[in-house]
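Peer 1: Below: one structure in structure tokens.
The values are calculated or read from the model by the stated rules, or taken from the named source; none is laboratory data. Only a predicted model underlies this, so the values are computations on that prediction, with no experimental measurement involved. Positions of Cβ are backbone-derived with ideal geometry, glycine not excepted, and every protein chain shown enters the neighbour counts.
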Amino acid sequence: GQALEGKSAIDILNYYYPGTSVISQSDTQTIRVNIGHLQSSAEFSLLKETGSFQLLKGDLQIGAIGSEIGSYIRDIKVNFLLFGNTIIPQLTSPTAKFAAINGETSWTLRWSPDAVINSKITTQAMQLKYGQINLKLVQTSAGPKLEITNSLKIHDEYLWGIGEVPSSWPAAALEAQAIASRTYALNKINTVKKDCDCNVYATTADQNFVGYSKESEAIYGILWKAAVTRTSSDSSTSLIVSYNNKPAATYFFSSSAGATQNVTEVWGGTIPYLTGVLDPWSLDTKINPRYYIWQRELSQSAMASAFGLPDVISYQVLSRTKTGSVRAISAISSTGKSAALSGEVFRSKTKLPSTWFDLPTPAEIDALADICVIPNRKFIYQRNLC
């Protein structure tokens, strides 16, 4: 919205993160992105059978020398499977047969500069052009699982694959998103999460990373890549949102109900630049046609699953934030058992677009009811944000 009004990327960022500044900072770090969490298998092949890929033992860092099993071309696929407490790579091809490979607890997959890797993890497909893939066996209460990561450079390779906004957006909006996404990554770079063997997930649990398909999309992909480039100062430094000379925690979402949240009301604590601001552009039907008004139907099973109850016969919003989003919500089952969730946890479990929603009144449903209709709500500007 602000980009259409002629605002620059820096104007936009200064508005949504008040008290911060946009500065140039080094971004040469390698980020580890989880593309497959707690998986049982994963398949990789070459897009258009171009280039080659190499299979190496161990969980290697980029550039580290390791024990190479082999280099493979054309129509060869590698499928990683769990067998006991090891990961076994199986090579297949319509035109060749391969000897069995002994299992290891970790593997590294690399490829030539002219190659693009097709990855298929469960039902999720992704194209990867940069960095390398690491697969590691982890022990869970459900038995051994795979953690699969793509390690690549923040400066360009990672940002080229961020799929948070349409590439057809105005240039200033794309640049603002590139700066915010870069800052988010740098804010996370010093911590490796044990639960995913990663700095960030490739999902909206952190920010949406879609790989090579972002920059290669028809017509508009080049615009996103160009926006990333424009926000780079040189080959090793780029623009970031800074607070006290450190990368800010640049949380973002696609649209609000008319005002952003104060972080205190979402996660608790205080972050000076996440205090909530008015966001009238989210209420413009031309700018935000998908989420200006929305409605979702939740099945009885989805509601029950969200609350961890056998069924749900009534529910109520316990509290709201100053902008009207749901802070807490509770439900009661036909057995009399009750449960409560934060608004954000409820949203995540039910896959609602946001925590700005209303409930039918009265908020009672038959335990056998098929659906519960939940419409969104909008922030009323007369309400005091302070």
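Peer 1: Which residues, taken from the range 343-356, are farther than 14 Å from Met303 by Cα and not acidic (Asp, Glu)? Let's see the steps before the verdict.
Peer 2: Our first condition is that a residue be farther than 14 Å from Met303 by Cα; within the range 343-356, this holds for 344, 353-356.
Listed by number, the residues that qualify are Pro353, Ser354, Thr355, Trp356.
Peer 1: When the residues of the range 262-273 are narrowed to those that are touching a residue at least 60 places away in the same chain (Cβ under 8 Å) and surrounded by 16 or more Cβ atoms within 10 Å (Cβ to Cβ), which ends up farthest from Pro353 (Cα to Cα)?
Peer 2: Tyr273
Peer 1: So Tyr158 clears everything in (1) surrounded by fewer than 16 Cβ atoms within 10 Å (Cβ to Cβ); (2) closer than 27 Å to Phe252 by Cβ except one condition, right? Which one?
Peer 2: Going through (1) surrounded by fewer than 16 Cβ atoms within 10 Å (Cβ to Cβ); (2) closer than 27 Å to Phe252 by Cβ one by one, Tyr158 breaks only (1).
Peer 1: How many of the residues in the range 188-209 are farther than 16 Å from Trp160 by Cα and touching a Ser or Thr at 6+ places or on another chain (Cβ under 7 Å)?
Peer 2: Counting residues in the range 188-209 that are farther than 16 Å from Trp160 by Cα and touching a Ser or Thr at 6+ places or on another chain (Cβ under 7 Å) gives 3.
Peer 1: Counting only residues that are part of a strand (DSSP E or B), polar (S, T, N, Q) and within 23 Å of the chain's Cα centre (by Cα), how many does the range 225-248 have?
Peer 2: So the first thing to find is which residues in the range 225-248 are part of a strand (DSSP E or B), and the list is 232, 237-243, 246-247.
Then drop every residue that is not polar (S, T, N, Q), which leaves 232, 237-238, 242.
Then keep just the ones that are within 23 Å of the chain's Cα centre (by Cα); that gives 232, 238, 242.
Within the range 225-248, residues that are part of a strand (DSSP E or B), polar (S, T, N, Q) and within 23 Å of the chain's Cα centre (by Cα) number 3.
Peer 1: Filter the range 166-187 down to the residues that are part of a helix (DSSP H, G or I) and hydroxyl-bearing (Ser, Thr, Tyr) and list them by number. Steps first, answer last, please.
Peer 2: To start, the set of residues in the range 166-187 that are part of a helix (DSSP H, G or I) comprises 171-187.
Of everything in the range 166-187, those that are part of a helix (DSSP H, G or I) and hydroxyl-bearing (Ser, Thr, Tyr) turn out to be Ser181, Thr183, Tyr184.
Peer 1: Checking Ile23 against (1) on the phi > 0 side of the Ramachandran plot; (2) within 26 Å of the chain's Cα centre (by Cα), only one condition comes out false. Which one?
Peer 2: That leaves (1) as the condition not met.
Peer 1: Out of curiosity, is Ser305 loosely packed, with under 15 Cβ neighbours inside 10 Å and in contact with a His (Cβ under 9 Å, 6 or more places away or on another chain)?
Peer 2: Numbers: loosely packed, with under 15 Cβ neighbours inside 10 Å: yes; in contact with a His (Cβ under 9 Å, 6 or more places away or on another chain): no.
Answer is no for this residue.
Let's see how each residue does on (1) charged (D, E, K, R); (2) touching a residue at least 24 places away in the same chain (Cβ under 8 Å):
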| position | (1), (2) |
| --- | --- |
| Ser282 | no, yes |
| Lys286 | yes, no |
| Pro289 | no, no |
| Ala304 | no, yes |
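Peer 1: Right, something else. Given (1) part of a helix (DSSP H, G or I); (2) surrounded by 15 or more Cβ atoms within 10 Å (Cβ to Cβ); (3) not acidic (Asp, Glu), where does Ile222 come up short, assuming only one miss?
Peer 2: Ile222 satisfies all of (1) part of a helix (DSSP H, G or I); (2) surrounded by 15 or more Cβ atoms within 10 Å (Cβ to Cβ); (3) not acidic (Asp, Glu) except (2).
Peer 1: Which is over 26 Å from Thr204 (Cα atoms) and surrounded by fewer than 19 Cβ atoms within 10 Å (Cβ to Cβ), of Ser342, Ser338?
Peer 2: Numbers: Ser342 fails: over 26 Å from Thr204 (Cα atoms).
Result of the check over Ser342, Ser338: Ser338.
Peer 1: Of all residues in the range 79-114 being free of Cβ contacts under 8 Å to residues at least 40 places away in the same chain and among the aromatic types (Phe, Trp, Tyr), which is surrounded by the fewest Cβ atoms within 10 Å (Cβ to Cβ)?
Peer 2: Phe83
Peer 1: Follow-up. Looking at the range 276-288, can you tell me whether even one residue there is at pLDDT below 85, small (Gly, Ala, Ser) and over 13 Å from Ser354 (Cβ atoms)?
Peer 2: Within the range 276-288, one or more residues are at pLDDT below 85, small (Gly, Ala, Ser) and over 13 Å from Ser354 (Cβ atoms).
Peer 1: Let me ask another. Quick check on this structure: which one of Ser319, Ser301 is at pLDDT 80 or above, among the hydroxyl-bearing types (Ser, Thr, Tyr) and part of a strand (DSSP E or B)? Give the steps one after another, and end with the answer.
Peer 2: On the way: Ser301 fails: part of a strand (DSSP E or B).
Ser319 is the lone residue from the list that is at pLDDT 80 or above, among the hydroxyl-bearing types (Ser, Thr, Tyr) and part of a strand (DSSP E or B).
Peer 1: Contact list please: Cβ distance under 6 Å, first residue in the range 250-261 and part of a loop (DSSP other than H, G, I, E, B), second residue modelled with pLDDT under 70, pairs at least six apart or on different chains.
Peer 2: So the pair list comes out as Ala257/Lys378; Ala257/Phe379; Gly258/Lys378; Gly258/Phe379.
Peer 1: Please indicate, with yes or no, whether at least one residue in the range 26-42 is in contact with a strand residue (DSSP E or B) (Cβ under 7 Å, 6 or more places away or on another chain), touching a residue at least 40 places away in the same chain (Cβ under 8 Å) and farther than 30 Å from Arg182 by Cβ.
Peer 2: There is at least one residue in the range 26-42 that is in contact with a strand residue (DSSP E or B) (Cβ under 7 Å, 6 or more places away or on another chain), touching a residue at least 40 places away in the same chain (Cβ under 8 Å) and farther than 30 Å from Arg182 by Cβ.
Peer 1: In the range 185-195, what count of residues is obtained for those that are within 14 Å of the chain's Cα centre (by Cα) and either surrounded by 23 or more Cβ atoms within 10 Å (Cβ to Cβ) or modelled with pLDDT under 95 (or both)? Please lay out each step first, then the result.
Peer 2: First, the residues of the range 185-195 that are within 14 Å of the chain's Cα centre (by Cα): 185, 188.
When the remaining residues are screened for being either surrounded by 23 or more Cβ atoms within 10 Å (Cβ to Cβ) or modelled with pLDDT under 95 (or both), the result is 185.
Counting residues in the range 185-195 that are within 14 Å of the chain's Cα centre (by Cα) and either surrounded by 23 or more Cβ atoms within 10 Å (Cβ to Cβ) or modelled with pLDDT under 95 (or both) gives 1.
Peer 1: Next question, about the same structure. Return the residue satisfying two criteria in turn: it lies in the range 274-302 and is surrounded by fewer than 16 Cβ atoms within 10 Å (Cβ to Cβ) and acidic (Asp, Glu), and of such residues it is nearest to Tyr251 (Cα to Cα).
Peer 2: Among those that are surrounded by fewer than 16 Cβ atoms within 10 Å (Cβ to Cβ) and acidic (Asp, Glu), it is Asp284.
Peer 1: Residues in the range 7-16: is at least one polar (S, T, N, Q) and in contact with a strand residue (DSSP E or B) (Cβ under 6 Å, 6 or more places away or on another chain)?
Peer 2: Going residue by residue through the range 7-16, those that are polar (S, T, N, Q) are 8, 14.
Now narrow it down to the ones that are in contact with a strand residue (DSSP E or B) (Cβ under 6 Å, 6 or more places away or on another chain): none.
No, because not a single residue in the range 7-16 is polar (S, T, N, Q) and in contact with a strand residue (DSSP E or B) (Cβ under 6 Å, 6 or more places away or on another chain).
Peer 1: Give the residues of the range 198-215 that are surrounded by 23 or more Cβ atoms within 10 Å (Cβ to Cβ) and part of a strand (DSSP E or B), sorted by residue number.
Peer 2: Listed by number, the residues that qualify are Cys198, Val200, Phe209, Gly211.
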